[in-house]
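Quick note: the coordinates plus some simple rules give every number you see, no bench work behind them. None of the values given here were measured: they were computed from a predicted structure. For neighbour counting, all protein chains shown are included, and Cβ atoms are generated from backbone atoms with ideal geometry for every residue, glycine included.
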Amino acid sequence: MVVTLPGMPRKLRLEYEGAIYHVMNRGDRKEEICRDDPDRERFLETLGEACAKTGWQVHAYCLMGNHFHLVVETPQANLSAGMQWFLGTYTARFNRRHKLFGHLFSGRYKALIVVGSGNGYLKTVCDYVHLNPVRAKLLKAEDPLQAYAWSSYGEYLKRASQRPQWLRVDRVLGEWGIQEDNAAGRRQFQAGMEERQRQEMSQENPEWKPIRRGWYWGPKDFREELLERIGDKKGAQHHGEELRESDEQKARRLIADMLGKLGWTEKDLGRRPKGDGEKAKMAARLRTETTMTWQWIAEQLAMGHWRTAANAVRAAGANRRRGL
């Protein structure tokens, strides 16, 4: 069980209208979140109810033994509220059915933000989700991907009238270059995914690494946009890779601004003495206005050891107080 104490920092949840997330969560202590098919059916029923309550649109899902993957679009900025209801309701139903109590899921879910620009990023993350049974070796080489019943891949191969209303396929099909959701389009999608399945069985795909370990999936300008959003929303109670990157971005902007006002270039930082007075002023501002460490500041301003930077700032402050 993960306990959150009063005042304990928590990871930032960036929410905005139209955001797309790859959501993943595991069972507590890596235990099963579904014990049998009725549990899996109840999980999907509960997901459907959550979509009806929140307006979510699901682009892909895969329900595994001790974890799940979900690619969800939020027309309203309500991922946290929806996930709280969804996970809490499913946990209560699971516990009631199995005469259990307590936590079912392990800590807070992971939510990777995905760009929906139509440039293939949504397609890639949905392919990753649909290929989970292959990576988990739940399918033999001769098994078709749709043989795994508990992912949305098989739903993609059905007519629209046979799918859950909350499952949206048009955006992923569009990124596959499929213009219409008809029999020919579904055959084209199936052929493409079968090829991906063969590739997945033969070798590890390096494309998956940022999906597994990152906090966003998209081009550089999408990352910059998210960091700006984070800078607007963050508070002292948040932490994580997102905020570290956002603070670093702010610090680099400050350095560029200060260099511009001095008429310096980055090369001038290396030419100046380590304890240069102007560099000490820059370091003091970075220390005051960002959360970057002395070590980072010393490296960026070419001030040598971090103690040199700290001592230069203290000396400059002392000189100002003495009016020197």
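In this simple spin-label model, placing a label point 7 Å from the Cα along the Cα-to-Cβ direction at both residue 203 and residue 95 gives a separation of 4.8 nm. Across the options 311, 296, 249, the greatest Cα extent toward the positive end of the charge dipole of the stretch 240-321 (unit charges at beta carbon of Lys, Arg, Asp, Glu) belongs to 311.
Among the chymotrypsin sites (Phe, Trp or Tyr not before Pro) found in the stretch 112-149, not one is both in a DSSP coil and sparsely packed, with 15 or fewer other Cβ atoms within 10 Å of its Cβ. Report the local net charge at residue 19: Lys and Arg +1, Asp and Glu -1, summed over other residues whose C-beta lies under 12 Å from its C-beta. Overall, the nearby charge balance is -2. For the stretch 137-193, the Cβ-based charge dipole about the Cα centre amounts to some 120 debye (Lys, Arg positive; Asp, Glu negative; other atoms uncharged).
Helical content alone sets the calculated 222 nm signal of the chain at -15500 deg cm²/dmol, taking -39,500 (n - 2.57) per DSSP H segment of four or more residues and averaging over every residue. Normalising the average separation of contacting C-alpha pairs (under 8 angstrom, six or more residues apart) by the number of residues puts the relative contact order of the stretch 240-321 at 29 percent. Projecting the Cα positions of 148, 208, 184 onto the charge dipole of the chain (unit charges on Cβ atoms of Lys, Arg, Asp and Glu, taken about the Cα centre) puts 208 furthest along the positive direction. Quick check: from the Cα gyration tensor, does the stretch 10-220 come out rounded (a/c under 1.5), prolate or oblate? Rounded, because the longest to shortest axis ratio a/c is under 1.5. Put in order of Cβ neighbour count within 10 Å, fewest first, the listed residues 150, 296 become 296, 150.
For the chain, the relative contact order works out to 17 percent when only alpha carbon pairs closer than 8 Å and six or more residues apart are counted. To the nearest ten degrees, helix 183-202 and the longest principal axis of the Cα atoms of the chain are 60 degrees apart. Residues 124, 293, arranged from fewest to most other Cβ atoms within 10 angstrom of their Cβ, appear as 293, 124.
Mean silhouette area of the stretch 4-96, derived from the convex hull of its C-alpha atoms and averaged over all directions, reads 6.6 nm². Per residue, the convex hull spanned by the Cα atoms of the stretch 145-217 measures out at 120 cubic angstrom.
Against the chain, whose longest principal axis comes from its Cα atoms, helix 37-54 is set at around 60 degrees.
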